[in-house]
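FYI, it's all coordinate maths here, none of it is from the lab. Computed from a predicted model, the values in this text were never measured in an experiment. Here the Cβ positions follow ideal geometry from the backbone for every residue, glycine too, while neighbour counts run over all protein chains shown.
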Amino acid sequence: MPLFEVAIVQHPTPKQKEEGHVLETIVMSPKLVVAKDGNGAAIAAVTGKDAPKELDMERCEVLIRPFK
């Protein structure tokens, strides 16, 4: 199976954007994941045993980079 590097970034709320105090935050540092495809790697990162707790998926972005 292929190897992927996955990270999760959380974007600020609209209120925080207006105030200009908060930037994006890294919820999960880049982590190596073995999965069938990129979608599987994203799901493993979000639902796996090491997944961050209480994610607001409306504000989160899962970044995936394949290794070839």
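Along each principal axis, taking the top coordinate minus the bottom one, the Cα set of the chain gives 44, 23, 16 Å in descending order.
Which of the lysines could a cross-linker span from K53 if the Cα-Cα distance has to be under 21 Å and same-chain partners fewer than 8 positions apart are dropped? In chain and number order, the partners are K31. Only Lys, Arg, Asp and Glu carry charge here, each on its Cβ (+1 for the first two, -1 for the last two); on that basis the chain has a dipole of about 300 debye about its Cα centre. Dipole of the chain computed with +1 at Lys/Arg Cβ and -1 at Asp/Glu Cβ about the Cα centre; of A42, C60, T13, farthest Cα towards the positive end is A42. Using 0.36 nm per residue and subtracting the Cα-Cα separation, the extra length available between L63 and V34 on full extension is 9.0 nm.
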